[in-house]
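Asks: A single structure is presented below for examination.
The values are calculated or read from the model by the stated rules, or taken from the named source; none is laboratory data. No experiment lies behind these values; they were computed from the predicted model shown. Cβ atoms come from the backbone with ideal geometry, glycine included; neighbour counts cover every protein chain shown. Just so you know, the surface numbers come from the protein's heavy atoms only, side chains and all, with ligands and any DNA or RNA stripped out. Shrake-Rupley method; radii C 1.70, N 1.55, O 1.52, S 1.80 Å.
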Amino acid sequence: MADAESLFGLHRQGVFRYLCRVVGRPDTAQDLTQEVFLRVTRTRVPDADPSGHRAWVFKIARNLVLNHVRDGVRRGQPIALVDSSTPATQEMAVAIKQAVAALAEVDRDVFLLRESAGLSYGEIAAACDLTVEAVRARLKRASEQLRDALYAPVRAGRQGSIV
């Protein structure tokens, strides 16, 4: 049986990375990460295997960040969906940010849980209340949409660097 402290040690970095990708601001992601684990301490940890605990923690994180984003939209605050801390040209960072933001909300969450947090299909399914097959389909759709949206910027970046 896991306790809140062990879950914090195991999943803090992954939760922070996921939240940072969604909100685009490390300070906000840090605050949200703290709130996730406050909620974990206030709730009975379910009896599950370690992957079930991980999915449960990320479900809390996902629900919290969805509420945060919705509240920000209601207040008219712009929401950044991907930080640009990765080494890329400014144009490519903008293109990636726009492409990820253009994904449907659940597709974006599934994609970020997989790519930023490294959750398995089963863990994503549990965190998002989906089937594994739905996760697989949403990841495929998100990858295709991102590939299509980023094809031109990537091609332009390669042509610009060829001398």
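Asks: Report whether or not residue 32 is within 21 Å of residue 124 (Cα to Cα), open to solvent by less than 30 Å² (accessible area, probe 1.4 Å) and modelled with pLDDT of 80 or more.
Replies: In short, yes.
Asks: Failed condition for residue 67, given (1) without any contact (Cβ under 8 Å) to a residue 40 or more places away in the chain; (2) closer than 17 Å to residue 117 by Cα; (3) open to solvent by 50 Å² or more (accessible area, probe 1.4 Å), with all others met?
Replies: Going through the list (1) without any contact (Cβ under 8 Å) to a residue 40 or more places away in the chain; (2) closer than 17 Å to residue 117 by Cα; (3) open to solvent by 50 Å² or more (accessible area, probe 1.4 Å), residue 67 breaks only (2).
Asks: Looking only at the stretch 96-113, which residues are closer than 14 Å to residue 15 by Cα and surrounded by fewer than 20 Cβ atoms within 10 Å (Cβ to Cβ)?
Replies: none
Asks: Oh, and also: Condition first: at pLDDT below 90, within 11 Å of the chain's Cα centre (by Cα) and outside any helix (DSSP H, G or I). Can you find one or more residues in the stretch 117-134 that meet it?
Replies: Scanning the stretch 117-134 turns up at least one residue that is at pLDDT below 90, within 11 Å of the chain's Cα centre (by Cα) and outside any helix (DSSP H, G or I).
Asks: I would also like to ask the following. Here are some residues: 12, 62, 42, 25. Which one is of a type outside the set (A, V, I, L, M) and exposed (fewer than 14 other Cβ atoms within 10 Å of the Cβ)?
Replies: Values: 12 fails: exposed (fewer than 14 other Cβ atoms within 10 Å of the Cβ); 62 fails: exposed (fewer than 14 other Cβ atoms within 10 Å of the Cβ); 25 fails: exposed (fewer than 14 other Cβ atoms within 10 Å of the Cβ).
Just a single option satisfies the conditions, and that option is 42.
Asks: For the list (1) among the β-branched types (Val, Ile, Thr); (2) modelled with pLDDT under 80; (3) open to solvent by 30 Å² or more (accessible area, probe 1.4 Å), I need the number of the one condition that residue 82 fails.
Replies: Answer for residue 82: the failing condition is (3).
Asks: Sort through 149, 101, 95, 142 and tell me the only one that's of a type outside the set (S, T, N, Q), in a helix (DSSP H, G or I), touching a Lys or Arg at 6+ places or on another chain (Cβ under 9 Å) and at pLDDT below 90.
Replies: Sole residue among the options that is of a type outside the set (S, T, N, Q), in a helix (DSSP H, G or I), touching a Lys or Arg at 6+ places or on another chain (Cβ under 9 Å) and at pLDDT below 90: 101.
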